[in-house]
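Since the structure comes first, as structure tokens, the remarks are kept for the end.
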Amino acid sequence: MVDQLLRATAADGGIRIVGVVTTRLTEEARQRHNLSYVATAALGRTMTGGLLLASSMKRAESRVNIRIKGNGPLGGVMADAGADGTVRGYVDHPEVELPPNAKGKLDVGGAVGHEGYLYVVRDVGYGYPYSSTVQLVSGEIGDDLTHYLVSSEQTPSALVLGVFVGAAGVTAAGGLLVQVLPKAARDEALVETLESRLSTLTGFTPLLQAGKSLPQIFEDLVGDMDLQIFPETQLVQFQCNCSFDRVLGALKILGETELRDMIEKDEGAEATCHFCNEVYKAGSHELEQLIQELRADSVSF
Ligand code: ZN
């Protein structure tokens, strides 16, 4: 199934459901950053969570940044997701690998660390980002983001995130977000039924591996609760907004002395984008041009 995001409501709009398939974009991140198995799972879950969080924002320019800083060997995990369906991200130590945990699963919690912080920044695009920080619950990321939604955004939520990565790369990845809005939260029987059904889910990747589509997954969960699936499917993808021009802009800020130094010592400059690992090379000629621009700028001031 192609990477996509699908929204639905149930219980007369009292339940909000979003499902996303992120298999290809997680595989792209794995290849771009040379991620280990456990790093693939950690970043894939974080990027998937980012897309699910961003899905509630109305404006296409809106973005969600998730930064996880735990005390584990992976260091920080960062994902930047947009309401437009684009996402990018990285981990500090992509090479870190750990043996499977007690359940025989990739030890994401051990790699991220069980203690630390989760930072979420929501930026609607008007220049006043809203940020919030919570302590990590387990470092497994799904639990941590659920805790964030419940404690910081005060919305009863369940978040299921999963990445299956084997020798052939990522073969299944995605997630499900279920939120109970105030009008349905008062209906105790409804909430109880929903909770018991969610508790039977053993993860998200087994559903994909069983060949279930997003509408089928929704149907299985709340098909008898007045399920309304939105007609539009949104495509989601790994995409970074870095460019050679932006790199040149960043180099220019360094100033003439530094640029001159780079020309003399290295005959140019090399910059790697953290988010997508793209390498940009600027030659002496381009740096020379930046110096000319700097001089022209200073004259016009
Ligand atoms: Zn980039």
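The values are calculated or read from the model by the stated rules, or taken from the named source; none is laboratory data. Quick caveat, the model's predicted, so the values are computed rather than measured. Glycine gets a Cβ as well: all are built from the backbone with ideal geometry, and neighbour counts include every protein chain shown. Accessible surface is based on the protein model in full, side chains and every heavy atom, while ligands, DNA and RNA are left aside. Shrake-Rupley method; radii C 1.70, N 1.55, O 1.52, S 1.80 Å.
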| How large is the dipole of the stretch 24-180 about the Cα centre if only Lys and Arg carry +1 and Asp and Glu carry -1, each at its Cβ, rounded to the nearest 20 debye? | 260 debye
| query | What is the list of residues in the stretch 268-283 whose amide nitrogen lies under 18 Å from a point 7 angstrom out from the Cα of Glu293, following Cα to Cβ? | reply | 268-273, 280-283
| task | Excluding Gly139 itself, calculate the net charge of residues whose Cβ lies under 12 Å from the Cβ of Gly139, where each Lys or Arg counts +1 and each Asp or Glu counts -1. | result | -3
| message | I need the phi-derived Karplus couplings for the stretch 62-68: 6.51 cos²θ - 1.76 cosθ + 1.60, θ = phi - 60°, integer Hz, Gly and Pro marked x. | response | 5, 9, 10, 10, 10, 10, 10
| request: With the cut-off at 16 Å, report for the stretch 29-106 the share of all Cα pairs above it, as a whole percent. | output: 51 percent
| query | Quick one: net charge of Asp187's neighbours, Cβ under 14 Å, K/R +1, D/E -1? | reply | -3
| message | Rounded to the nearest 10 Å², what accessible area does Lys183 have for a 1.4 Å probe in the complete protein model? | response | 120 Å²
| note | The relative contact order of the stretch 72-118, taking Cα pairs under 8 Å that sit 6 or more residues apart, comes to a percentage of 41 percent
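When the accessible area of the chain is computed with all protein chains present and a 1.4 Å probe, what percentage of it is carbon and sulfur?
Details: 7550 of 14750 Å².
Answer for the chain is 51 percent, counting heavy atoms of protein chains only.
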| field | Cα coordinate range in the stretch 4-238, projected on the principal axes (Å, largest first) | value | 47, 43, 31
| said: Please check: in the Gaussian network model of the chain (C-alpha springs, under 10 Å), which one of Lys105, Lys58, Lys265 has the largest mean-square fluctuation. | reply: Lys265
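Under 8 Å for C-alpha pairs, at least 6 residues apart: give me the relative contact order for the stretch 244-300, rounded to a whole percent. Each step should come with its number before you reach the end.
Details: 48 pairs, mean separation 20.1, N = 57.
Relative contact order comes out at 35 percent.
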| task | Whole Å is fine, so just give me how far the alpha carbon centre of the stretch 1-41 lies from that of the stretch 101-122. | result | 18 Å
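Hey, what's the stretch 244-300 come to in accessible area per residue, 1.4 Å probe, Å²? Let's see the in-between values first.
On the way: 3790 Å² over 57 residues.
Per residue, the stretch 244-300 has 66 Å² of solvent-accessible surface.
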| task | Quick one: which residues, 5+ away or cross-chain, put their amide H under 5 Å from the amide H of Ala173? H built at 1.01 Å from N. | result | Thr22, Thr23, Phe164
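Quick one: order His33, His285 from most to least accessible surface, probe 1.4 Å. Present the calculation step by step, with values, prior to reporting the outcome.
Working: His33 15, His285 140 Å².
Ranked list, largest accessible area first: His285, His33.
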| message | Can you give me the Kirkwood hydrodynamic radius for the stretch 244-300, using every pair of distinct Cα atoms, in Å to one decimal? | response | 11.5 Å
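Please list Glu61, Glu267, Glu256 from largest to smallest accessible area, probe radius 1.4 Å, with all protein chains kept in place. Let's see the in-between values first.
Working: Glu61 110, Glu267 135, Glu256 65 Å².
Output order, biggest surface exposure first: Glu267, Glu61, Glu256.
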| said: Taking every pair of distinct Cα atoms and averaging 1/r, then inverting, what Kirkwood hydrodynamic radius in Å comes out for the stretch 191-235? | reply: 11.7 Å
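Work through the residues other than Glu219 whose Cβ is under 13 Å from its Cβ and net out their charges, Lys, Arg +1 and Asp, Glu -1.
Around Glu219, the charge tally is -1.
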| query | Any idea how far apart Glu270 and Ser196 come out in nm if each label point goes 7 Å out from Cα toward Cβ? | reply | 6.1 nm
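Please work out how much length the chain gains when fully extended from Ala185 to Arg246, using 0.36 nm per residue of separation minus the C-alpha to C-alpha distance, in nm with one decimal.
On the way: separation 61, 0.36 × 61 = 21.96 nm, distance 4.67 nm.
Gain on extension, Ala185 to Arg246, equals 17.3 nm.
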| task | Output ³J(HN,Hα) for the stretch 146-160: one whole-Hz value per residue in order, computed from phi by the Karplus curve 6.51 cos²θ - 1.76 cosθ + 1.60 with θ = phi - 60°, and x for Gly and Pro. | result | 4, 4, 4, 5, 6, 7, 8, 9, 6, 10, x, 9, 10, 10, 10
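Pull up the DSSP beta bridges for the chain and report the antiparallel fraction as a percent, rounded to 5. Please list the in-between numbers first.
Numbers: 60 of 62 bridges.
Restricted to the chain, the bridges split so that about 95 percent are antiparallel.
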| remark: For the chain, averaging the sequence separation of alpha carbon pairs under 8 Å that lie six or more residues apart and dividing by its residue count, the contact order in percent is 22 percent
| note | Of the residues Pro156, Ala11, Thr40, the Cα lying farthest along the dipole of the chain towards its positive end, which is defined by charges on the beta carbon of Lys, Arg, Asp and Glu, belongs to Ala11
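Within the set Lys58/Lys105; Lys69/Lys105; Lys103/Lys212, which residue pairs have Cα atoms separated by over 30 Å?
Values: Lys58/Lys105 36 Å; Lys69/Lys105 21 Å; Lys103/Lys212 24 Å.
Over 30 Å Cα-Cα: Lys58/Lys105.
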| field | Charge dipole magnitude, Cβ of K and R +1, D and E -1 - the chain, Cα centre, debye nearest 20 | value | 480 debye
